[in-house]
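Enquirer: Here it is: the structure, laid out below.
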Amino acid sequence: MDAQSWWVQGVDVTKPSPARVYDVHLGGSHNFQVDRDLAEKAAALMPSLPTVLRANRSFLRRVVRHLAGRGVRQFLDLGSGIPTVGNVHEIAQQANPQCRVVYVDSDLVAVAHSHAILRGNDRAIAVRADFRDADYVLGHREVRSMLDFDEPIAVLFFAVLHFVPDDDDPIGIVSRYVRSLPSGSYLAISHACSDDITESTRQAAQLYSERIGGFHMRPKRQIAAMFSDVELVEPGLVDLTEWRPDSHEVPPGGKPWTGPGGVGRKK
């Protein structure tokens, strides 16, 4: 994608965005040269990075499929990024066409593309907002019109909380959303972890921090604290590839380190 072929007014094509860089690693086309350059440099430092991000995408699909199978009919995907094949609404509505989905992202390209692919789907919308402002998101007219806060909702934070600095209190942000949910709702999180990382991973994280404006890997104990308002469901907070895997086959080159992910249920 370039500024001539796919333009959204207001996009700064000189600065990479987390959503568009992620899109590059997943093989998407809604990104600019600045995003591709950063993705290439990060992958050169950490060759397993594209595999890790695809593992996160697989985790997303398994979580949504599991929750839809448990009867969840509402999903709030925060920091949702650019839609690709196997997105939340596709998985959830395949399980039950009555499922409703709200995507929230601050990236103009992500939201514009979401609007395009959701055209004609009256049970899925995209809202442009900064998910860190929980009160704004939770009070948003379109969010409230799509989701019934008297019925269980799954709130999803897939690979986004590591872009939130400590000063913005990521644990508090998660807690604010969970407090708004009724009993029987769910929380799902994946997060970059700083435990036992290699030097190449540290360098890739530093590159992201310098170019995107902050990438905050955290120890697993801090990630676990984000689930303090819910009860973790089996198998708990584990490596993404170990959360209810579809297959136990070891991929070529061995299983990559992906960081932890988990799902919790509000009592």
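Enquirer: Take the residues of the range 97-117 that are in contact with a strand residue (DSSP E or B) (Cβ under 6 Å, 6 or more places away or on another chain) and of a type outside the set (Phe, Trp, Tyr): which is surrounded by the fewest Cβ atoms within 10 Å (Cβ to Cβ)? Explain how you work it out, then say what you get.
Expert: Step one: of the range 97-117, the residues in contact with a strand residue (DSSP E or B) (Cβ under 6 Å, 6 or more places away or on another chain) are 100-104, 111, 114-115.
Applying the additional criterion that residues be of a type outside the set (Phe, Trp, Tyr) yields 100-102, 104, 111, 114-115.
Details: Arg100: 21, Val101: 28, Val102: 26, Val104: 26, Val111: 21, Ser114: 26, His115: 14.
Here the answer is His115.
Enquirer: State which residue pairs qualify: first residue in a helix (DSSP H, G or I) and inside the range 25-45, second residue of a type in the set (D, E, K, R) and surrounded by 19 or more Cβ atoms within 10 Å (Cβ to Cβ) in any location, beta carbons under 6 Å apart, and separation of 6 or more residues or different chains.
Expert: Asp35/Arg20
Enquirer: Cβ-Cβ distance below 9 Å, separation of 6 or more or different chains: which pairs start in the range 227-239 with a residue that is without any contact (Cβ under 8 Å) to a residue 24 or more places away in the chain and end on one that is surrounded by 13 or more Cβ atoms within 10 Å (Cβ to Cβ) and not in a loop (DSSP other than H, G, I, E, B)?
Expert: Going by the 9 Å Cβ cut-off, the qualifying pairs are Pro235/Glu242; Pro235/Gly262; Asp239/Ala55; Asp239/Pro260; Asp239/Gly261.
Enquirer: Moving on. For the range 118-153, enumerate the residues that are touching a strand residue (DSSP E or B) at 6+ places or on another chain (Cβ under 6 Å), in a helix (DSSP H, G or I) and of a type in the set (D, E, K, R).
Expert: Scanning the range 118-153 gives a single hit, Glu142.
Enquirer: Considering each residue of the range 216-232, count those that are assigned to a loop (DSSP other than H, G, I, E, B) and crowded, with 19+ Cβ neighbours inside 10 Å, and give that number.
Expert: Counting residues in the range 216-232 that are assigned to a loop (DSSP other than H, G, I, E, B) and crowded, with 19+ Cβ neighbours inside 10 Å gives 5.
Enquirer: Give the residue that is nearest to the chain's Cα centre (by Cα), with candidates limited to residues of the range 177-196 that are surrounded by 17 or more Cβ atoms within 10 Å (Cβ to Cβ) and over 18 Å from Leu67 (Cβ atoms).
Expert: His191
Enquirer: Let me ask you something else. So which residues in the range 66-77 are surrounded by 17 or more Cβ atoms within 10 Å (Cβ to Cβ) and not β-branched (Val, Ile, Thr), if there are any at all?
Expert: Selection gives His66, Leu67, Ala68, Arg73, Gln74, Phe75, Leu76, Asp77.
Enquirer: Tell me, please, whether a residue that is surrounded by fewer than 18 Cβ atoms within 10 Å (Cβ to Cβ) and within 24 Å of Arg62 (Cβ to Cβ) can be found in the range 151-173.
Expert: Checking the range 151-173: at least one residue is surrounded by fewer than 18 Cβ atoms within 10 Å (Cβ to Cβ) and within 24 Å of Arg62 (Cβ to Cβ).
Enquirer: Of (1) touching a Cys at 6+ places or on another chain (Cβ under 6 Å); (2) surrounded by fewer than 16 Cβ atoms within 10 Å (Cβ to Cβ), Gln94 satisfies all except one. Which?
Expert: With (1) touching a Cys at 6+ places or on another chain (Cβ under 6 Å); (2) surrounded by fewer than 16 Cβ atoms within 10 Å (Cβ to Cβ) applied to Gln94, the lone miss is (1).
Enquirer: Hey, another quick one. Kindly establish whether Ser175 is assigned to a loop (DSSP other than H, G, I, E, B) and of a type in the set (Ser, Thr, Tyr).
Expert: no
Enquirer: Shifting gears a bit: Condition check: modelled with pLDDT under 95, of a type outside the set (A, V, I, L, M) and touching a Lys or Arg at 6+ places or on another chain (Cβ under 9 Å). Does Gly253 satisfy that?
Expert: Against the criterion (modelled with pLDDT under 95, of a type outside the set (A, V, I, L, M) and touching a Lys or Arg at 6+ places or on another chain (Cβ under 9 Å)), Gly253 does not qualify.
Enquirer: Sticking with this structure for a sec: Being assigned to a loop (DSSP other than H, G, I, E, B) and basic (Lys, Arg) is the filter; apply it to the range 60-103 and report the residue that is nearest to the chain's Cα centre (by Cα).
Expert: Among those that are assigned to a loop (DSSP other than H, G, I, E, B) and basic (Lys, Arg), it is Arg73.
The values are calculated or read from the model by the stated rules, or taken from the named source; none is laboratory data. In this text, all values refer to a predicted model and were calculated from it rather than measured experimentally. Positions of Cβ are generated from backbone atoms using ideal geometry, with glycine treated the same way; all protein chains shown enter the neighbour counts.
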